[in-house]
Structures are given as structure tokens and as C-alpha cells.
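**Student:** I am attaching a structure below and will ask some questions about it afterwards.
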Amino acid sequence: MFTQRHLLGIESLSPQDITEILDLADHYAKHNLKQNKHLDVLSGLTQINMFFENSTRTQASFEIAGKRLGADVMNMSMQASSIKKGETLIDTALTLNAMHPDLLVVRHPHSGAVKLLAEKVNCAVLNAGDGRHEHPTQALLDALTIRRSKGRLHRLTIAICGDIAHSRVARSNIFLLGKMENRIRLIGPKTLMPSGVDKLGVEVTDNMAEGLKDVDVVMMLRLQRERMDGGFIPSEREYYHRWGLDPTKLANAKPDAIVMHPGPMNRGVEIDGTLADDINRSVIQEQVEMGVAVRMAVMELLARNLRKSKEEATTC
Amino acid sequence: MLTLTNACIIDPEAGTETLGAVRIEDGLISEILPASTEGIDCKGKYIAPGIIDIGVKIGEPGERHKESFRTAGLAAAAGGVTTMVTRPDTTPAIDTPEILDFFRRRAADASPVNVLPMAALTKGREGTEMAEIGFLQDAGAVAFTDADRPVTNPKILQRILTYASASNALVIAHVQEPVLSNGACVTSGPFATKQGLPAVSPIAERIQLERDMALVEMTGAKYHADQITCAAALPVLERAKAIGLNVTAGVSIHHLTLNEFDVEDYRTFFKVKPPLRSEDDRLAVVQAVADGLIDIISSMHTPQDEESKRLPYEEAASGAVGLQTMLPALMQLVHGGHMDLPTLFRAISLNPAKLLGLKNGRMSAGAPADLILFDPDAPFVMDRFKLLSKSKNTPFDGRRMQGKVLKTFVAGNQVF
């Protein structure tokens, strides 16, 4: 049973935890198709979304998830607030803690910052992305999308392509898919392959055609131009030519291989626009849909653990 | 006159450990005797020359809330460090004879152990204009360094080395290629990748050392590399020594006893400069010390307050305190069979003394009586709040260690 107080990363989860989260998320995915989506699971709880880094889709997804479960949701855009006045992360955490939130959803540009914050607060903390470290709910929603499409989440061959070096999504997916016993191939230019990544139980190649051979799932990553501090690739057109996903390269994969992308997409840089819109191959829209369901599931489980620990604290 | 008898005397010069007595007169060692019936009975514990620690950061001027001469001096005395060779990376930097003079007077007033100051190599440690090397030498600077900032421009460094060699000034450099190292806080590899932290390859150290060795070969300057921390840099050092360059190298206690995995979940007390290396690198560097290729071990004492460490790993300040943890940390290498005690004291007492032209660091008549009496086996659990430094940022907190300083003498006077 999932017993953790926070969701800081995939690395600390067991395969059973992952399955439990996905099963519950599956339930919410069905629920989200109903006319009346409102539930009372988180009724009375306060959820604060604290984003130290720009985000539209993840923040919206967490907000909708919280509201559907009946939580009081508040969004704080930290870029515009006290951080600019020189307040440290810990002070911000303590200030918020004094307002007694129950769920804190945090995104931060530095790896490890969400964990640091979690050490200082009493509520449950959800990592919505920390630096290049982890983005656990993205990996979970990817896993749910794969499981629904392929009927299973083990013994699949999955290619993760593109900018691995700057991607927290890639790291979380490597941990998750590895734990569920899948074969993982990382494909991308060597300059965007972090050093020693081959020791994390994956195959590494810089050749798209070779790497995509017979894969069940193709995960494309966004080229994170804003995180690059030097020339990693000569030009976007050369990148697209060699590593951008188009129908020709995709032909190497299994005929029923699905195409995924965490968004936002750079059309014509890492993925062909028409391919991204092809409803027979692309599950990109479904990923967004599963995002809400997975976040509802995670928040319910964390709220359950939070209640339990509070009950234990009052009984003893 | 004072006699310390029934002690195991470590002589790093001769490479011996022998039972005997040490007689101290007028602040100097007057005689080493096989035995003595009078004096203090040391009960078979070890006497060695006091540690000469090159690269100690003291918070004065500018950051006295992190460390003062008094607290650093007390920590040094308790840690067996009898001479602190201090860094100029203060605020402002120690780059004029006037600031150096202030610094020396504060040191003399407040520190129970010897303080020998280093001065900045360039004005404001900015790497653009040479500091007044001559005046600073006259004012008592024992070496010149920009601490953790390498001089980026090779033309400027070449001129400085040329100028310094004419006045036989010792230049100490931080050998990390600055462009590659910029923003990095861990060593590249599987650990850095898993934690998603900005990383630098150890090749940055080799590149910078190669460049500096070429310039030393060209100018004939007297040069010391502050910290050699990886296997990739060792052949460069070996070659420089083989062709007779006036070059020595150091390493910190942290790079000898910890590796990159100790950072674990973003523990900022393990953030040092250069970042902790792989276990293979650590072992290579330990071996290089045992072989004498790396000459000197320093604590690289860098006090940081809680505020500057309680931040996300990338933003947190670098450095760890080391004056008081140095000896027990290094005892780990002795107990682990990597080196014997005379070899260790060659690296922490004799070689630093030789590099700075001091008579200390020796166990012979006429040498200053800067001595420590210690028990290399005494076990304890490190508690950072018991450290005497004002800042408590040690990575060894909670660690089981061995090795305790029992007494410290500076010029024959007991300071601990």
C-alpha cells in the first residue's frame, strides 16, 4: 500500500505503489467523463499550488484535479512574489506552513529544492517538477496512458528520444519504466545525453532509425532551449533532420507503436506536426487527460496518509 | 624547560616512530632523548610536529559572523593545527599591504596558534591586475593566491608568474578550468545524472593544470596547485615534477575521505570546491599522497553559516570547516592501511613547512616546539555542535571517528 507522506519522486516508489496509483487513476479517468465531476474526497482540505517556474498545463491540471475532488485550491505564482524580495525558500515554506495547507504542489527550477521544502512543512508535498531531477506525476500519467493503450505496463520496448540531459521527465520515466521491467532505449545526440546515463539500466544510441526498431512506445521530449547554456546542437533544422520524429523514422517502430510527448511541443523541431495530430498514432491528448486523473489519484492517496498520520498523532 | 617523556615520537623527516622523550627549551626543541626520568609522562601516546594547514579561511575581515580569529584559533588548537596559513578571499580581499597589516595585527591579538597570511594574486581577486606582490611580501605574505578563482586570462597569468618568479614568490592556484566549471556543483557521472544537478567532468582539472604547467615551464615560477582531486590530473603533475619544475600539489581532507555519493539527497554540507569525486578518483588521490606525488594535505577550512547552507543544492554555499576534523578524518587513512603516521605527517607538517621555508614540521633539535600529543585510536562520534568554530558546517557530523588531540603546544606553550 502506498504509505508515503509526500510524492517527491518515482525513485522511492515500489512497483506496488505505482500500480495502486494507476488503478485509482484509472477509476478517475472514467469518472472524469461524467457530466457532474464534483466529488468530496478532499472536501475541507486546502491545496496550494506553488510554482517557482512558469507552467500553464501542469498548474491547470493540478488545479482542476484538486477542484474536482472538492479541495480549496489556491495558486501562487512565486516568480512575482516574495522570492524577488530576497526571502529564502525555507522562510517561504515556514510562512505557508503557518497557514495550515494540507497539500502543497511545488515546482522549482533547482533539483532537490522540493525535497528541502518538504522537510520543513507539516503538509503533504507533491513534486510538480524540480530542476532536472524528477517530475513524478508526468511519469505516472505517461505510464497510465501506456497501460490503457497497450493493455500492460511491463515487457514493452520504449524509446525516449531527444533532450535527455535537461529533462526531468526523462529521469522519472527511466525510473518508473525500469521498475515495471520494460526495456528502455534512450535516443538523442550525444551532447544531450547526460554522462553515465548508460549505468541506469538503459540502452543508449544516437541513431533514431536503429533505436526505434521494433519499439512499442515512442516518447518524444521537448528540446529545452531555455535551459541550454551553449551549443548542444548546430541548428534546429539539423536536429529535426536527424532526431525529429517523422513518418519515415517512425516506420522503424512496430506498426501499432504509439507516439507520446509531454508538451509543450516544438512542431517541426522534435516532432512532425501532422504526426503529432494523427489520432491513430499520437496519444498526446490522452496524456493530458490522464494527467488530471493521475493527479486526482495521487492527491487522494496523500490525503488519506495525511489523515491517518493525524489520527495516529491524536490517539497517542 | 619542559620534557615530554614516554611518548611515541613521529619523525616525518626520518620516517620513524620511536619511543622516547622530547625536551623543550625557549620555545624550541632542544633535545630528543631515548628516555627521561623527569617531565610529563605521555603514557605511550604519540607526539608529532603540529599541523601546518595551508588554505584556512577566516571570516575576518567581512564575515566575522562565520568565523573570527579567536574561534578559528581555538578550533585549530583543539585540532592540532599549530600554524594556519590563511586565505585572502575575505571581504574585502587581502590585496594591499594595509589590509594585510590589519589582518596580521588581529591575528596576533586573538589567535592562540601561529597565523601566516597569504595575499591575493590579483587586485580584488578579479584576475585582471597583479596585486603589489613586492609590498605584500615585505608586509609578511607567505604566498599569493586568488583562492578558488583561477586567473582565466593566460596572458595575465604568464606576466604574474614571470614577475613572481623574479622575487621568488610562491603562487598557489586553483586548478579548475573556470568555463567548464561554471555553475557546476557535482562531478559528472551517473550520480549527477540521477540527481539532475549541473555537473563538471574532472577533465576541467586536468586542462587547467596542463595550462598552468606550460606557463610554469615557460616562466620558472614557484607554483603550488591547491587541490588535485582526480586521477586524470595525476600524470600531468608527475610529468611536471619529472622535468624538474618548481611545482607542488595539495589535496583536501574531504577529497581524501569522501566521494560523490556522500552528497546523497542534496546534503549541502558535502558541497565543496571542486566537487567530491568518484571513488576511483578518491583512491587514486590517496595513493598519490602515500607515494609523495601529492605533497600536502589541507583542511581547506571554509566556515559557512546555516543560512548559506540551508538552500537548494545549486544555490548553497561551498565549503566545509576542517581545522578540528582534519586529524580524525585523516586517521581513517592510517587505520585503513593507506599510509603510516610518518607519511601522513610529512604531508601535513613537514612538506608545508618546506614549501613555505619554515623550520617547523621537524622533530629535531632547533626546530620550533610546535607539537601535538594525540591518541590515534581514541574513538568518538563527531558532533558538529561541539566544534569550536563559529560555523558548524562539517560533513562528518554523526560519523564514528578515531583520533583525538590530547595536547597542543605552540612554541613550547600549551594552547590546548
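**Student:** Taking N as the number of residues in the range A:229-316, what value does Rg over Cα atoms divided by 2.2 N^0.38 Å take?
**Tutor:** 1.72
**Student:** Same structure again: Over the range A:128-228, what lengths in whole Å, largest first, do the semi-axes of the equivalent ellipsoid take, defined as the square roots of 5 times the eigenvalues of the alpha-carbon gyration tensor?
**Tutor:** 20, 17, 12
**Student:** Any idea how far the Cα center of the range B:255-269 sits from the one of the range A:140-194, in Å?
**Tutor:** Each part's Cα centre sits 28 Å from the other's.
**Student:** Suppose we take every Cα in chain A and form the convex hull; what volume per residue is that in Å³?
**Tutor:** 136 Å³
**Student:** Same structure, new question: With r defined as the distance between the Cβ atoms of A:Lys120 and A:Ser14 and R0 fixed at 25 Å, what FRET efficiency is calculated, to the nearest 0.05?
**Tutor:** For A:Lys120 and A:Ser14, the calculated efficiency is 0.45.
**Student:** Residues of B:190-202, mean number of Cβ from any other protein chain within 10 Å of their own Cβ, rounded to a whole number?
**Tutor:** Across B:190-202, the average partner-chain Cβ count within 10 Å equals 6.
**Student:** Something else: Measure nothing but the geometry: give the 0 to 90° angle between the long axis through the Cα atoms of A:168-179 and the longest principal axis through the Cα atoms of chain A, rounded to 10°.
**Tutor:** 90 degrees
**Student:** Over the range A:61-190, what is the percentage of antiparallel beta bridges among all DSSP beta bridges, to the nearest 5?
**Tutor:** Of the beta bridges lying entirely in the range A:61-190, close to 10 percent run antiparallel.
**Student:** Then there's this: Rounded to the nearest 5, what % of the DSSP beta bridges within chain A are antiparallel ones?
**Tutor:** Roughly 5 percent of the DSSP beta bridges within chain A come out antiparallel.
**Student:** Report the per residue volume, in Å³, of the convex hull enclosing the C-alpha atoms of the range A:54-141.
**Tutor:** Per residue, the Cα convex hull of the range A:54-141 comes to 99 Å³.
**Student:** Taking neighbour counts of Cβ atoms within 10 Å as a proxy for exposure, in what order, fewest first, do A:His31, A:His100 appear?
**Tutor:** Lowest count first: A:His100, A:His31.
**Student:** Follow-up question, since we're still on this one. How many angstrom lie between the C-alpha centres of the range B:333-400 and the range A:240-316?
**Tutor:** 56 Å
**Student:** Let me ask something else. Across peptide A:104-111, how many C-beta atoms of other chains are within 10 Å of each residue C-beta, on average?
**Tutor:** 3
**Student:** For n ≥ 4 DSSP H runs only, could you compute -39500 (n - 2.57) per run for the protein assembly as shown, divide by its residues and tell me the 222 nm figure to the nearest 500?
**Tutor:** -10000 deg cm²/dmol
**Student:** So for the range A:202-278, Kirkwood radius off the Cα pairs, Stokes-Einstein at 37 °C and 0.692 mPa s: how many µm² s⁻¹?
**Tutor:** 251 µm²/s
**Student:** Continuing with this model, one more query. Strictly over 23 Å apart at the Cα level, which of A:Lys30/A:Lys308; B:Lys194/B:Lys271; A:Lys120/A:Lys310 would you flag in this model?
**Tutor:** Cα-Cα > 23 Å for A:Lys30/A:Lys308; rest within.
**Student:** Quick one: B:Met363, A:Met296, A:Met180, fewest Cβ neighbours within 10 Å first, how do they rank?
**Tutor:** A:Met180, B:Met363, A:Met296
**Student:** Quick one: B:Ser252, B:Ser167, fewest Cβ neighbours within 10 Å first, how do they rank?
**Tutor:** Ranking B:Ser252, B:Ser167 by Cβ neighbours within 10 Å, fewest first, gives B:Ser167, B:Ser252.
**Student:** Cα axis of helix A:57-68 to longest principal axis of chain A: angle in degrees, 0 to 90, nearest 10?
**Tutor:** 40 degrees
**Student:** Mean-square fluctuation check for chain B, GNM, Cα pairs under 10 Å: which of B:Gly292, B:Gly196, B:Gly55 is largest?
**Tutor:** Highest fluctuation among the options: B:Gly196.
**Student:** Now a separate question. How many percent of DSSP beta bridges within chain B run antiparallel, rounded to 5?
**Tutor:** 50 percent
**Student:** I want to verify a result. In a Gaussian network model of chain B, Cα cutoff 10 Å, which of these has the top mean-square fluctuation: B:Val405, B:Val179, B:Val272?
**Tutor:** In the Gaussian network model the winner is B:Val179.
**Student:** Right, next: Less than 19 Å apart at the alpha-carbon level, and either on another chain or at least 8 residues along: which aspartates and glutamates does that give for B:Lys407?
**Tutor:** Of all the aspartates and glutamates, those that pass the test against B:Lys407 - Cα under 19 Å, at least 8 places apart if same chain - are B:Asp11, B:Glu17, B:Glu25, B:Asp26, B:Glu38, B:Asp41, B:Asp53, B:Asp370, B:Asp375, B:Asp377.
**Student:** In whole Å, what are the Cα extents of the protein assembly as shown along the three principal axes, biggest one first?
**Tutor:** Principal-axis extents of the Cα atoms in the protein assembly as shown, largest first: 96, 65, 46 Å.
**Student:** With Rg and the Kirkwood Rh both taken from Cα atoms, where does Rg over Rh land for the range B:263-310?
**Tutor:** Reported Rg/Rh (Cα atoms, Kirkwood Rh): 1.06.
**Student:** Tell me, in nm to one decimal, what length is gained between B:Met218 and B:Ala108 on full extension, where the rule is 0.36 nm per residue of separation less the Cα-Cα distance?
**Tutor:** 35.7 nm
**Student:** When each pair of different Cα atoms in the range B:23-175 is counted once in the 1/r mean, what is the Kirkwood radius in angstroms, to one decimal?
**Tutor:** About 17.1 Å for the range B:23-175.
**Student:** Let me ask something else. Could you please tell me the mean projected area of the C-alpha convex hull for chain B, averaged over all directions and given in square nanometres to one decimal?
**Tutor:** Mean orientational projected area (chain B, Cα hull): 18.1 nm².
**Student:** Quick one: angle between helix A:284-315 and the longest Cα principal axis of chain A, in degrees between 0 and 90, rounded to 10, please.
**Tutor:** 30 degrees
**Student:** Further question on the same structure: Gap in Å between the Cα centre of the range A:196-215 and the Cα centre of the range A:36-71?
**Tutor:** 36 Å
A short reminder: the numbers here are calculations on the coordinates, not readings from a lab. Model, not experiment: these values are computed from the prediction. Methodologically, a virtual Cβ is constructed for each residue, glycine included, from the backbone with ideal geometry; neighbour enumeration extends over all protein chains shown.
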